[in-house]
Amino acid sequence: MTFLATALQRFFTTYVTGQRGLARNTIVSYRDTCRLLLRHIAATTTSPVDEITVENMDAETVTGFLHYCQHTRGNSPATVNNRLAAIKALATQILLDYPQHAETMRRVLALPRRRQPRPAIAYLTADETTALLTAPNTATWTGRRDQAMLTLAAQTGLRATEIISLTTASIHLDQPGAHVEVVGKGRKQRSTPLTDATIGIMRPYLAERHARPGAVLFPGPRGQALSHDALAQRLKVHLQTTAVNTPNLARKHITFHALRHGAAMRLLEAGVDITVIALWLGHEQTSTTQKYLHADMAAKRNAIDRTRPPGVAAGRYKPSPDILDWLEHL
């Protein structure tokens, strides 16, 4: 009999940290999944957490846990798949370290991922972005911080995690070549240039920021980094302000990631090559960036216009103003 706690400690100390050297965010995701799994097994087997065995982590239990995540906790299919990926990483190491549990772990590794529809990309148009960036009350420190943060995110397309991790040393405003440096997903380092408009917002903000404690670029009240929940809450506040005069926003599901999508769409509309956009966003493969092509209706209309028969004017079809006359000559 092998206690799951023993296997977990070996997994995190030997594999996750020692052998793989995974990024902090990945380790946190694995840790949270294992905590939820242990609590679920303890609740369903009435066993103390320290007495849960590897045999308790069979395919049926993991399937029940994933069902619990999706239907009780309300996790999306993508989040459930991330939970399953963490469990499979643990199962792989248990299989190697404790071969007596090989059959149980093989059944766990055979569990399929959740299939999920690919929703349309939600992004802010140029006008909506402008309205959002003017929403913060710049008479307050929090408002000036939020305006600088949203401006930088909307122009550069940085992920929420990347925005949170920025320090005052990450941004360089010297001209020419003003840019922001970030360590993104997969520990890939990249530099993103800044526009004159962004520099105009960031320069006075950075001068004010240096007088406050801590090194985080966009800090909380005590100089600490903002959490993801705090970031989402600040965006929600300003979206509510913006939606008063921009009704279209009320019909969109806007998250912080929508600012990243908006930056990509504006680059695409400007005619920037998809491979350059992939480098800009820090995508490993251009196939990830191709989703923006599917969301660009202007590009689709241009494609239709290029395939029109000779003699047919470009543009969207408009019916005859006199339908009876049209029918008469049909």
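The values are calculated or read from the model by the stated rules, or taken from the named source; none is laboratory data. These numbers come from a predicted model, not from an experiment. Note that each Cβ is placed from the backbone with ideal geometry, even for glycine, and that neighbours are counted across all protein chains shown.
What the table below lists for this structure:
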quantity: Within the stretch 7-27, tally of residues that are surrounded by 14 or more Cβ atoms within 10 Å (Cβ to Cβ) and over 15 Å from Ile41 (Cβ atoms); calculated: 9
quantity: Selection from the stretch 161-197 of residues that are part of a helix (DSSP H, G or I) and either without any contact (Cβ under 8 Å) to a residue 40 or more places away in the chain or within 25 Å of Asp229 (Cα to Cα) (or both); calculated: Thr161, Glu162, Ile163, Ile164, Ser165, Thr168, Ala169, Ser170, Lys185, Gly186, Arg187, Asp196
quantity: So Asn25, is it within 24 Å of the chain's Cα centre (by Cα) and modelled with pLDDT under 95; calculated: yes
quantity: Among residues of the stretch 37-79, those that are in contact (Cβ under 8 Å) with a residue 40 or more places away in the chain, of a type outside the set (S, T, N, Q) and surrounded by fewer than 18 Cβ atoms within 10 Å (Cβ to Cβ), counted; calculated: 6
quantity: The stretch 251-266, residues that are in a helix (DSSP H, G or I) and at pLDDT 85 or above; calculated: His257, Ala258, Leu259, Arg260, His261, Gly262, Ala263, Ala264, Met265, Arg266
quantity: Top-ranked residue in the stretch 200-220 [being under 25 Å from the mean Cα position of the chain (by Cα) and outside any loop (DSSP other than H, G, I, E, B); ranked as farthest from Thr138 (Cα to Cα)]; calculated: Val216
quantity: Leading residue by the ranking (nearest to Pro213 (Cα to Cα)) among those in the stretch 224-242 that are outside any helix (DSSP H, G or I) and of a type in the set (Gly, Ala, Ser); calculated: Ala225
quantity: Residue check, Ala160 outside the structural domain of Ala59 (by TED's automatic domain parsing) and surrounded by 14 or more Cβ atoms within 10 Å (Cβ to Cβ); calculated: yes
quantity: Residue that is farthest from His238 (Cα to Cα) [pool: residues in the stretch 255-280 that are within 19 Å of the chain's Cα centre (by Cα) and of a type in the set (Gly, Ala, Ser)]; calculated: Ala278
quantity: Matching residues, the stretch 38-53, being among the aliphatic types (A, V, I, L, M) and either part of a strand (DSSP E or B) or in contact with a Lys or Arg (Cβ under 8 Å, 6 or more places away or on another chain) (or both); calculated: Val49
quantity: Residue ID - surrounded by the fewest Cβ atoms within 10 Å (Cβ to Cβ), chosen from residues in the stretch 80-106 that are farther than 12 Å from Val54 by Cβ and either out of contact with any Leu (no Cβ under 8 Å at 6 or more places or on another chain) or among the hydroxyl-bearing types (Ser, Thr, Tyr) (or both); calculated: Leu96
